[in-house]
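Colleague: Following this message is one structure expressed as structure tokens.
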Amino acid sequence: MLLKTFGWSFAVTAIGLALAGVLWGWKGLAIVGILSILEISLSFDNAVINAGILRKMNAFWQKIFLTIGILIAVFGMRLVFPVVIVAITAKLGPIEAVNLAINDKEKYEHLVTGAHPAIAAFGGMFLLMIFLDFIFEERDIRWLGFLEKPLSKLGKLDTFSVVIALAVLLVSATTLATDVAHGGGDKSATVLLSGVAGLMTYLVVNGVSGFFEDKLEEDDEDEGDGDGAEGADGSDEKKPAESGQRGSSGATVVGMAGKAAFFMFLYLEVIDASFSFDGVIGAFAITNDIFEMALGLGIGAMYIRSLTVYLVRQGTLDDYVYLEHGAHYAIGALAAILLVTIKFEINEVITGLVGVLLIGASYWSSVVRNRREGHGGGADSEEKTEVTSGV
């Protein structure tokens, strides 16, 4: 199971490190290795969040996530994205931006770090909305009950998470963006615009994926009602899906499943993009070579993808029920860190450690819960979720 899930990651690691050694020598090999570890440490919570969404998909879409998704993650976010940012902020053409990244690495690094306030505001708001929607949702299982219980009551107010997010953005723009650490000057308007764009992106992508997911569930329920409603003569003529006929209900279910999975996949990619922002910016502290950066961060992204699928196939989120809580708290922390870095420098080691500690604490709480209940988790644990909730 381990080799099957992580096989491609191991292979890419071996090939990538060998390539780095051939092209850039021992120094390049070390840089690529460090970047890989940096990406994994910063994005472990990303894997947990992804797993919570990916387990709703079938095997086909899981494969899409591991193939097309990894191409987008590695080449799109780790190689193309920084060049696009430079092209937009410096008002350069694509070819000029690529030429700058290859031939004038110092200026390229300066332009990318100068765009950090916009990147941090966009990613920070997107991740903040993920955290807020989770923490304000009423749920049976609570990890930090003293905090989650009252917040879930506040979440019954419509659009409350949006109001809080906009308030945070307004405070960030008026306090953190007036004298930024990256690029200098007043970036209030940039932060406001980018933050609103991040918020709108979340609302659109999450809203559309949620719409199709709800429609799929409704169609499944309608199909179930149709299956149970046999004719007076006991016939099963109202079962087009089972009989293989092209019944409208069956066709709708299949169509909605595809649309729901597609928008969930899109949602996953946007989440990955938001998580990659801090990794890409932080990588410039190690190297300003875009190819070393893409290779190192790409190797790390492969492991995050494989870990996501491993968590799904092993049912880890069912066995350790507080892991999702810890990951969402880590997302909230990362969102706050991204917004703070608009003005202040924060070491990437701190960012990575915060996420690891929160997820580690949620994992240990899950272990303690399972021992207290006398089971290892899994399907049996779902029957006792409410009475065995957290603090």
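Colleague: For segment 108-117, what does the Karplus curve 6.51 cos²θ - 1.76 cosθ + 1.60, with θ = phi - 60°, yield as ³J(HN,Hα) per residue in whole Hz, taken in order and with x for Gly and Pro?
Modeller: Here the 3J(HN,Hα) series is 4, 4, 4, 5, 5, 5, x, 8, 4, x Hz.
Colleague: Tell me whether segment 55-201 comes out rounded, prolate or oblate; compute the Cα gyration tensor, take square roots of the eigenvalues as a ≥ b ≥ c, and use a/c under 1.5 as the rounded threshold. Write out the running numbers ahead of the final one.
Modeller: Working: a/c = 3.15, a/b = 1.39, b/c = 2.26.
Note, shape of segment 55-201 comes out oblate.
Colleague: Could I ask something else about it? Tally up the carbon and sulfur contribution to the accessible surface of segment 5-103 as a whole percent, 1.4 Å probe, everything protein left in place. If you can, show how the numbers build up before the last one.
Modeller: Working: 3880 of 4970 Å².
For segment 5-103, the apolar C and S fraction of the accessible surface comes to 78 percent.
Colleague: Let me ask something else about it. If you stretched the chain out fully between E106 and A18, how much longer would it get, using 0.36 nm times the residue separation minus the C-alpha to C-alpha distance?
Modeller: Working: separation 88, 0.36 × 88 = 31.68 nm, distance 2.63 nm.
Taking E106 through A18 to full extension adds about 29.0 nm, to one decimal.
Colleague: Another question about this same structure. Calculate the FRET efficiency for V80 and E138 from the Cβ-Cβ distance with a Förster distance of 45 Å, rounded to the nearest 0.05. The partial results should precede the final answer.
Modeller: Numbers: r = 40 Å, r/R0 = 0.89.
Computed FRET efficiency for V80 and E138 comes out at 0.65.
Colleague: Can you give me the C-alpha center-to-center distance between segment 332-352 and segment 303-328, rounded to a whole angstrom?
Modeller: So the separation of the two Cα centres works out to 24 Å.
Colleague: Suppose R0 equals 35 Å; then what is the FRET efficiency for L71 and I164 from their Cβ-Cβ distance, rounded to the nearest 0.05? Present the calculation step by step, with values, prior to reporting the outcome.
Modeller: Details: r = 35 Å, r/R0 = 1.01.
Result of the calculation: an efficiency of 0.50.
Colleague: Listed here are the pairs K149/K343; K153/K343; K107/K187; K187/K259; K56/K343; which of them are more than 28 Å apart at the Cα? Could the numbers behind the result be given before it?
Modeller: Details: K149/K343 33 Å; K153/K343 34 Å; K107/K187 20 Å; K187/K259 39 Å; K56/K343 39 Å.
In this structure, K149/K343; K153/K343; K187/K259; K56/K343 lie more than 28 Å apart at Cα.
Colleague: Something else now. Tell me the per residue accessible area of segment 44-143 using a 1.4 Å probe; a whole number in Å² is fine.
Modeller: On the way: 4270 Å² over 100 residues.
With all protein chains present, segment 44-143 gives 43 Å² per residue.
Colleague: Accessible area per residue for segment 314-357 in Å², computed with a 1.4 Å probe and the full protein assembly in place, what is it?
Modeller: Spelled out: the 1.4 Å probe surface of segment 314-357, per residue, equals 38 Å².
Colleague: Lys and Arg at +1, Asp and Glu at -1: add these up for the other residues within a Cβ distance under 9 Å of I72 and post the number. Spell out each step's value before the answer.
Modeller: Details: positive: none; negative: E269, D272.
Surrounding charge for I72 is -2.
Colleague: Next question. Per-residue HN-Hα couplings for segment 307-315, Karplus 6.51 cos²θ - 1.76 cosθ + 1.60 at θ = phi - 60°, whole Hz, x for Gly and Pro?
Modeller: 5, 4, 5, 4, 4, 5, 5, 7, x
Colleague: Just to make sure I understand: if all protein chains stay in place, what is the order of E137, E109, E39, E345 by accessible area at 1.4 Å, largest first? Could the numbers behind the result be given before it?
Modeller: Values: E137 95, E109 45, E39 0, E345 135 Å².
The most accessible residue leads, giving E345, E137, E109, E39.
Colleague: Protein chains only, probe 1.4 Å: how do E269, E324 rank by accessible area, largest first?
Modeller: Working: E269 20, E324 45 Å².
Descending accessible area places them as E324, E269.
Colleague: Just the number, please: carbon plus sulfur as a percent of the accessible area of segment 131-210, 1.4 Å probe, no ligands or DNA/RNA counted. Display every interim value, and only then the final one.
Modeller: Values: 2740 of 4060 Å².
With neighbouring chains kept in place, the figure for segment 131-210 is 68 percent.
Colleague: Right, another one. Quick check: with the 1.4 Å probe, what order do R55, R369 take by accessible area, largest first?
Modeller: R55, R369
Colleague: Are there any chymotrypsin sites (Phe, Trp or Tyr not before Pro) in segment 310-344 that are in a DSSP loop and have at most 12 other Cβ atoms within 10 Å? List them by number.
Modeller: Details: sites: Y310, Y320, Y322, Y329, F344; in loops: Y320, Y322, F344.
Hits after loop and neighbour filter: F344.
The values are calculated or read from the model by the stated rules, or taken from the named source; none is laboratory data. From a predicted model like this one, the values you see are computed outputs, not experimental measurements. Neighbour counts run over all protein chains shown; Cβ positions are idealised from the backbone, glycine included. Calculation scope for accessible area: heavy atoms of the full protein, side chains included, ligands and nucleic acids excluded. Shrake-Rupley method; radii C 1.70, N 1.55, O 1.52, S 1.80 Å.
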